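**Student:** I have a structure I would like to understand better, so I am pasting it below and will then ask my questions one at a time.
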Amino acid sequence: EITSSIAGSNEGTLFAVLDKTRTPMGGRLLKRWINQPLNALPPIKRRLAATAELTKNSDIRKNATEVLTHIGDLERLNTKICTGRANPREMNALKSILTEIQNLQSTISSVTSEALSSIRAGLHPLHEIVSLIGTAIEPDPPLALVDGGVIRKGFNPELDDLRTLAFSGKSWIAELQKTERERTGISSLKVGFNNVFG
C-alpha cells in the first residue's frame, strides 16, 4: 500500500502522507518517484541540493507554490491538443497556463541549484501562442466548435463576412441592392429573397 490501498484509494498510503503537490502533474511525478526511487548517488545529491535550496529560501518556495496552484494539468491538456481533441475552452486554459509558466520562471529566477536551474531553463512561456490564442479565441467560447462563436470578431475578415451573410442576410441584400443600383444606374432595380430560389 505504497501509492494505493486495497480499497483502491490513496487514504492511508505512503503517497497520501508525502503528497503536498499542487498540480495533478506533481502528484503523478511523486508517485513515479516513490515507485521508482533513485539508486545512484549523483542524482540523489542533485535532488537533495534543490530541496535544501527551497527549504532555505521560504519566499521562493511559497511564491512558487502559489503560482503552481494556478497551473492545471498541462500534461493531459497537451495530449488532447496533440491528438486534436481539445475544445475551445481548453485552448483558453492553455493560454492561462502559459501565462503562469512565465510567472513561475520569474519566481525561480534566482535559484542556483543544478536541478532547479535546469527546470527554469526548460520553462518556455511561448508568448506567440499566448498572443495568438488571445487574439483568435473568444474569452468565454462555447464548449464545442460546432456551436460557433469561437473565433473573435476581427480575427479573420473572410470569416466576418460569412458571419454577416449568415446572420444579417436582410441588411446584406439591402446593401447589395444599393450597390447594384449605383453600378447599373437602374434606380428601380430590386434585389429580393424567397425560400424557393434563395
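**Student:** Please work out the average accessible area per residue across the chain, using the 1.4 Å probe convention, and give it in Å². Could you put the intermediate results ahead of the total?
**Tutor:** Details: 13800 Å² over 198 residues.
On a per-residue basis, the chain sits at 70 Å².
**Student:** If a/c stays under 1.5 just call it rounded; otherwise compare a/b with b/c (prolate if a/b is bigger, oblate if not). Do that for region 21-116, with a ≥ b ≥ c from the square roots of the Cα gyration tensor eigenvalues. Please list the in-between numbers first.
**Tutor:** Values: a/c = 2.68, a/b = 1.48, b/c = 1.81.
Because a/c hits 1.5 or more and a/b fails to exceed b/c, region 21-116 counts as oblate.
**Student:** Which whole-angstrom value gives the distance between the alpha carbon centres of region 119-198 and region 10-70?
**Tutor:** 48
**Student:** Further question: Let's test the formula: R0 of 25 Å, r as the Cβ-Cβ distance of ARG22 and GLU1. What FRET efficiency results, to the nearest 0.05?
**Tutor:** Values: r = 24 Å, r/R0 = 0.96.
So the FRET efficiency works out to roughly 0.55.
**Student:** Run the 1.4 Å probe and let me know the accessible area of VAL146, rounded to the nearest 10 Å².
**Tutor:** About 140 Å², rounded to the nearest 10.
**Student:** Right, next: Give the long-range amide H neighbours of ILE137: residues separated by 5 or more places, or on another chain, with amide H under 5 Å away, using H modelled in the peptide plane at 1.01 Å from N.
**Tutor:** ARG152
**Student:** Provide the gained length on full extension for the span ASP73 to SER117, in nm with one decimal, where the gain is 0.36 nm per separating residue minus the Cα-Cα distance.
**Tutor:** Working: separation 44, 0.36 × 44 = 15.84 nm, distance 2.24 nm.
Answer, rounded to one decimal: 13.6 nm.
**Student:** Counting helices only, and only those DSSP H runs with n ≥ 4, report the 222 nm mean residue ellipticity of the chain as the sum of -39,500 (n - 2.57) divided by its residues, in deg cm²/dmol to the nearest 500.
**Tutor:** It comes out at -18500 deg cm²/dmol, rounded to the nearest 500.
**Student:** For GLY27, what is the net charge nearby, where nearby means another residue's Cβ is under 14 Å from its Cβ and Lys, Arg count +1, Asp, Glu -1? Present the calculation step by step, with values, prior to reporting the outcome.
**Tutor:** On the way: positive: LYS20, ARG22, ARG28, LYS31, ARG32, ARG76; negative: ASP19, ASP73, GLU75.
So the surrounding residues net to +3.
**Student:** Carbon and sulfur atoms: what percent of the 1.4 Å accessible area of the chain do they account for?
**Tutor:** Working: 7910 of 13800 Å².
The computed percentage sits at 57.
**Student:** Over region 1-144, what is the relative contact order in percent, taking alpha-carbon pairs closer than 8 angstrom and at least six residues apart?
**Tutor:** Numbers: 123 pairs, mean separation 32.3, N = 144.
Worked out over region 1-144, it gives 22 percent.
**Student:** Also, I was wondering about something else. Can you work out ³J(HN,Hα) from phi for every residue in region 136-147, in order, using Karplus 6.51 cos²θ - 1.76 cosθ + 1.60 and θ = phi - 60°, giving whole Hz and x for Gly and Pro?
**Tutor:** Taking θ as phi minus 60°, the curve returns 8, 10, 4, x, 10, x, x, 5, 10, 4, 5, 6 Hz for region 136-147.
**Student:** Hey, another quick one. Any idea how far apart ILE129 and LEU162 come out in nm if each label point goes 7 Å out from Cα toward Cβ?
**Tutor:** My value for the distance between the label points is 2.5 nm.
The values are calculated or read from the model by the stated rules, or taken from the named source; none is laboratory data. This is a predicted model, so every value here is computed, not measured. Glycine gets a Cβ as well: all are built from the backbone with ideal geometry, and neighbour counts include every protein chain shown. Heavy atoms of the whole protein, side chains included, go into the accessibility calculation; ligands, DNA and RNA do not. Shrake-Rupley method; radii C 1.70, N 1.55, O 1.52, S 1.80 Å.
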